[in-house]
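Below: the structure, in structure tokens.
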Amino acid sequence: MTAWRITLRLLRRDWRSGELSLLAAAVVLTVAAITAVGFFTDRVEGAMARQGGELIAADLVIQASSPPAGELVEEAAALGLATARTLEFPSVAARGERTQLVEVKAADPAYPLRGQLRTRTDAEAPVEPATTGPTPGNAWVEPRLLYLLAAAPGDRLRLGESEFVIERLLDYEPDRADGPFAVAPRVLIGTADVPATGLVTPMSRVHYRLLVAGDEAAIAEFRAWAATRLPANAEFLDAREARPEFEGSIARASSFLHLAALATLLVAGAAIALASRRMVERQTDAVAVMRCLGAPRHLLTRIFVLRLIAFGLAAGLLGSLLGFLAQFGLAALLAGLFTADLPPPSVRPIAVGVGTGLVALLGFALPPLLQLARVPPLRVLRRDLGAPRLSAALALGAAAAALALLVFWQADDPQLAWKLLAGVAATVMTLALLVALAVRLARGLSHRARGVWRLGLAGLTRRPSAALFQITGFGLGILALLLLAVVRVDLMSAWEQSLPEGAPNRFLVNIQPDEVAALRGFLAEHEIADSGLFPMIRGRLTAIAGRPVDPDAYPDERARRLATREFNLSHAERPQADNRIVAGDWWADAEAPPQFSVERGIAETLGIALGDELTFWVSGREVSAPVTSLREVRWDSFNVNFFVIATPSLLGDEAATYITSLYLPPDRESLLPELVRAFPSVTLIDVVAILEQVRRVIERGAWAVEYVFLFTLAAGLLVMYAGIQASVAERRAEHGVLRTLGAGRAQLLASLAVEFTLAGLLAGAIAALAAEATGFVLARQVFDLEFAPNPWLWLGGALGSALAIGLAGTLAAYPFLVRPPLPALREDG
Amino acid sequence: MTAGLGSVVSRATGLGKDVNGPGGRLTILSDCELSVRAGEAVAILGASGSGKSTLLGLLAGLDTASAGEVWLCGERLVGLDEDGRAALRNGRVGFVFQSFQLLPTLTALENVLLPLELGGHADAQAVAADALARVGLAARAGHFPRQLSGGEQQRVAIARAFAPAPAILFADEPTGNLDPATGGQVIDLLLALRGDSGAALVLVTHDAALAERCDRRLAMRDGRLEPLA
């Protein structure tokens, strides 16, 4: 009771007197950053998943070769989820004498649940979005079907036993992207019209899909429920698995956001360390008095712990509130950019934020605070006595343990966490080591210097440990600011450049071998650059290293799907320019003996190792060869790429169709009808929409990262302020003495300017070094991007920080210079 | 709690204190003998650096002796650890310092409350308010130390010292930071309250006139204690 009463009183007074304002600011900022990022990433990741949802027109899809069981639809409805059914099957569309193989898709009126269809009334009309499919009796068709059937909008076409009116031209369906190699043009009708066509019988080859969308938790619950009831021929598709290039972008955006949040945490940690050090110094007298008045050590310890926890909770809640508000501001700022509404934030970030604040506070502030309980009561008579020195190992150990805990917790990625921690440890140690060397050097110089230079240098070196602490703190703050430059400008632009302006935006597939030469001629004639024409052969993987492939043996769903579907194989003499061989060697030439090169990701998923013999079932026969290289493929480059490539000696004689990708600028889209007419069998796939989506995700990721880095920036400024404050308080009395001895204000100011400018220069130069090193590691190891060193960073970092800290420190100390010296002397005496 | 008149509340025998200085071992106190009875006011006079504050620290159990024995309120300090000595001081020993030593973040009343609450006093609030009233600062109860003059701050410190009704009060140069007129008023108050409470007083000062007002005077010279006439 006594402990609580005294704790609460002290805390109330601390709060009011501003004694803890610096520490409070550091904790509030940390928590605000973590919660703002927490709330915001929650919402953005939710929205991104929904954007991803557009690519499957739902949040979750169950795909099967038989109609989905009624209980699935009922359960989804019971959970408040929206559902729509689609079925797809190949058929023949007829108009008069003309017939054409088509891919029929029938959809419920609710289709699509995510994203929109884009249609036109005729070839010249503007594109209009639609959120429902055609009404009964109507069909929407892919534009090239009009050419193939010599039809026009309003004409009728026959499917099985039914006739449909060609009502609209279908330019885009969100979930078409997952089957871009469809050969036949699309015809979209309503599911209600399917029975009358008589095309679907129990023996037909039909892909049934149940689309589900709604609340994330309900989706998860539904998925868990359905997983145990799904027949063997059914599988899940979700937004993240829908497209590898989309997943890559989301993963990168997430990485950036987490990194930004972690940077704030690490920098604010330095501010908390500085602020708690100052708090401990300022509490020493009060503790001595309490001990003198008979307070036992355990009571003081209890008071300190309670006070820290109560303080941490209060500051944490305040920070959460700030984070919550900050997150709203951002959501408002970005509202126009999101097609899907941001889902509401959960309350989890508050717990995470307050927890983070407490852990950081306990790690950094508790060891020195507990040491405070050991202040000898004799200090009331002898001012020179303080708390026994805290063991550096204990202080550092507690801080490091707290940081490690928080980094692992926040990063959600052990590999990233390890790298970050190692980076931070190396950075702090390098900073501290260099600062220690420089301080020693300055001490030597101070004996030779004169006037304000000697005072300034002496000020820097008077208490080497304090200087070490302070300048390292400055360095961390500046490092945060410089990292902002490195990450924001260098990495971000590199990231954006990974999707260059001229990235391919159209795929041409199903090119017959005899059309290859003509198509090349057509493209050359119109000066359209393509990524090369690649042969494509369908094959099913039947054995790996002599073991038959059994899809059910894979625990991973993606692996199961890959193992069941047909691969698009290719053969080539040389690897694609954007492929990187990561294991083994590419073959020497076209005559090289049969072998395979496999994409690394799929090799890992399917458990294929270098040297394994792969067997594919191709055109009714088995084809086998060893894997002699693994490749890394940049799927988000939108170039044509293959999971598995063989030597020409292995697949060169197989019947193949060809595929290419090309970039068509918007002003040359009029070439498309000509292309389609010249090569009627070629299927044209428009990836402009997908590209746009990926680019928007990247853009949004960049916005979010910049916003989050504002907190890091604030934390960096706070560290500097804390460092300056601590040092200003320390030398108040000293200035009193110097003033008494007749030192002029100008002289004192000049000595302060010398001291702080040197400290800033030192911290800035070291921080620039650390920022470049960190940027390099991040670029190469984490984000897989090229890194370019930036000389301006060095100049700006070192000179900028010398100027900023020199000015800020001198200005912060100025008020003490204009006061009469006696009170300053008294306060300390 | 208060020792009966005539009983000894503070006693030191053969008290010595050595410290390790840059030039080797340095003796600050040696062979000091002292006995203070309940209700008695003892002044210890001495020049700056003569060791009188060190003696005060040893008598109050704030520091440990190198030689000799100290008894405080009938208990032998040598056998007690730091927390034991703190428990002994709590409520039974009051302090007044040259630099006041008020907690800057607490109000006048809260500063007076502190020793009462540390001792788990039942009626702390009323006792503290009364103590503050007795030093004439009832109207300044809600003020923070920095809002008070030096004399007022020392009066708050005196209220804090007397509030738990201690058996003995140690005062270290209580007027050292005050002008003579204010210092005089503070001493008047200190002695009057001592008279009322019956607490013993050990006053360390270099001011002979101030020492004159105590029952007994001792001089500290070269680390030794000598009685003065």
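The values are calculated or read from the model by the stated rules, or taken from the named source; none is laboratory data. Predicted, not measured: the structure shown is a model, and the values here were computed from it. Glycine also receives a Cβ, built like all others from the backbone with ideal geometry; neighbour counts cover every protein chain displayed.
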Hey, any hits in segment B:76-86 for a residue that's within 17 Å of the chain's Cα centre (by Cα) and at the interface with chain A (Cβ under 9 Å from one of its Cβ atoms)?
yes
Of those in segment B:87-125 that are of a type in the set (Gly, Ala, Ser) and buried (at least 23 other Cβ atoms within 10 Å of the Cβ), the residue nearest to the chain's Cα centre (by Cα) is B:Gly94
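Inside segment A:290-313, can you point out the residues that are in a helix (DSSP H, G or I), at the interface with chain B (Cβ under 9 Å from one of its Cβ atoms) and hydrophobic (A, V, I, L, M, F, W, C)? Full working, then the answer.
At the first step, the residues of segment A:290-313 found to be in a helix (DSSP H, G or I) are A:290-292, A:297-313.
Now narrow it down to the ones that are at the interface with chain B (Cβ under 9 Å from one of its Cβ atoms): A:290-292, A:297-299.
Matches in segment A:290-313: A:Met290, A:Cys292, A:Leu299.
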Return the total of residues in segment A:195-228 being crowded, with 18+ Cβ neighbours inside 10 Å and in a helix (DSSP H, G or I).
4
Go through (1) out of contact with any Lys or Arg (no Cβ under 8 Å at 6 or more places or on another chain); (2) at pLDDT 85 or above; (3) crowded, with 18+ Cβ neighbours inside 10 Å for A:Cys292 and report which single condition fails.
(1)
Only residues that are buried (at least 17 other Cβ atoms within 10 Å of the Cβ) and outside any strand (DSSP E or B): list them for segment A:118-151, please.
A:Gly133, A:Pro134, A:Glu142, A:Pro143, A:Arg144, A:Leu145, A:Leu146, A:Leu148, A:Leu149, A:Ala151
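If you take just the strands (runs of 3 or more DSSP E) that sit entirely in segment A:585-692, which of them hold at least 3 residues that are small (Gly, Ala, Ser) and either in contact with a Leu (Cβ under 6 Å, 6 or more places away or on another chain) or assigned by TED's automatic domain parsing to the domain that holds A:Leu117 (or both)? Working first, answer last.
Working: elements: A:596-599, A:613-618, A:621-632, A:644-646, A:657-662, A:683-686.
No strands (runs of 3 or more DSSP E) qualify here.
Every residue, every condition in (1) in contact (Cβ under 8 Å) with a residue 40 or more places away in the chain; (2) outside any helix (DSSP H, G or I); (3) surrounded by fewer than 19 Cβ atoms within 10 Å (Cβ to Cβ), yes or no:
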| residue | (1), (2), (3) |
| --- | --- |
| A:Ser66 | yes, yes, yes |
| A:Glu75 | yes, no, yes |
| A:Thr83 | yes, yes, no |
| A:Pro90 | yes, yes, yes |
| A:Ala94 | yes, yes, yes |
| A:Gln100 | yes, yes, no |
| A:Lys105 | yes, yes, no |
| A:Tyr111 | yes, yes, no |
So which of B:Ala60, B:Ala41 is closer than 26 Å to B:Gly150 by Cβ, buried (at least 23 other Cβ atoms within 10 Å of the Cβ) and either under 16 Å from the mean Cα position of the chain (by Cα) or more than 9 Å from chain A (Cβ to nearest Cβ) (or both)?
B:Ala60
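Restricting attention to segment A:280-289, does a residue exist that is away from chain B (no Cβ under 12 Å), in contact with a helix residue (DSSP H, G or I) (Cβ under 9 Å, 6 or more places away or on another chain), in a helix (DSSP H, G or I) and within 18 Å of A:Ala392 (Cα to Cα)? Lay out the reasoning, then the answer.
First, the residues of segment A:280-289 that are away from chain B (no Cβ under 12 Å): A:280-281.
After this cut, where a residue has to be in contact with a helix residue (DSSP H, G or I) (Cβ under 9 Å, 6 or more places away or on another chain) as well, the list is A:280-281.
Right, trim to in a helix (DSSP H, G or I) and you get A:280-281.
From the residues that got through so far, the ones that are within 18 Å of A:Ala392 (Cα to Cα) too are A:280-281.
Scanning segment A:280-289 turns up at least one residue that is away from chain B (no Cβ under 12 Å), in contact with a helix residue (DSSP H, G or I) (Cβ under 9 Å, 6 or more places away or on another chain), in a helix (DSSP H, G or I) and within 18 Å of A:Ala392 (Cα to Cα).
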Out of (1) out of contact with any Cys (no Cβ under 8 Å at 6 or more places or on another chain); (2) on the phi < 0 side of the Ramachandran plot; (3) modelled with pLDDT of 90 or more, the odd one out for B:Gly183 is which?
(3)
Name the single residue that is farthest from the other protein chains (Cβ to nearest Cβ) among those in segment A:1-15 being at pLDDT below 75 and either in a helix (DSSP H, G or I) or in contact with a Phe, Trp or Tyr (Cβ under 9 Å, 6 or more places away or on another chain) (or both).
A:Trp15
If you scan segment A:446-474, which residues turn out to be closer than 17 Å to A:Gly760 by Cβ and free of Cβ contacts under 8 Å to residues at least 40 places away in the same chain?
A:Thr461, A:Leu468
For segment B:69-127, what are the residues that are under 10 Å from A:Leu293 (Cβ atoms) and of a type in the set (Lys, Arg)?
B:Arg89
For segment B:87-118, give me each residue that is of a type in the set (Asp, Glu) and either more than 8 Å from chain A (Cβ to nearest Cβ) or under 17 Å from A:Gln283 (Cβ atoms) (or both).
B:Glu110
Among A:Ser204, A:Ser162, which is farther than 15 Å from A:Arg85 by Cβ, at pLDDT 90 or above and either assigned by TED's automatic domain parsing to the domain that holds A:Ile537 or of a type in the set (Ser, Thr, Tyr) (or both)?
A:Ser162
Criterion violated by B:Gly68 - all others in (1) within 18 Å of the chain's Cα centre (by Cα); (2) away from chain A (no Cβ under 14 Å) satisfied
(1)
The number of residues in segment A:544-582 that are buried (at least 17 other Cβ atoms within 10 Å of the Cβ) and under 17 Å from A:Ala609 (Cβ atoms) is 6
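Kindly indicate whether any position in segment B:19-28 is away from chain A (no Cβ under 12 Å), within 21 Å of B:Leu228 (Cβ to Cβ), in a strand (DSSP E or B) and not small (Gly, Ala, Ser).
Restricting attention to segment B:19-28, the residues satisfying the condition of being away from chain A (no Cβ under 12 Å) are B:20-27.
Subset that is within 21 Å of B:Leu228 (Cβ to Cβ): none.
Scanning segment B:19-28 turns up no residue that is away from chain A (no Cβ under 12 Å), within 21 Å of B:Leu228 (Cβ to Cβ), in a strand (DSSP E or B) and not small (Gly, Ala, Ser).
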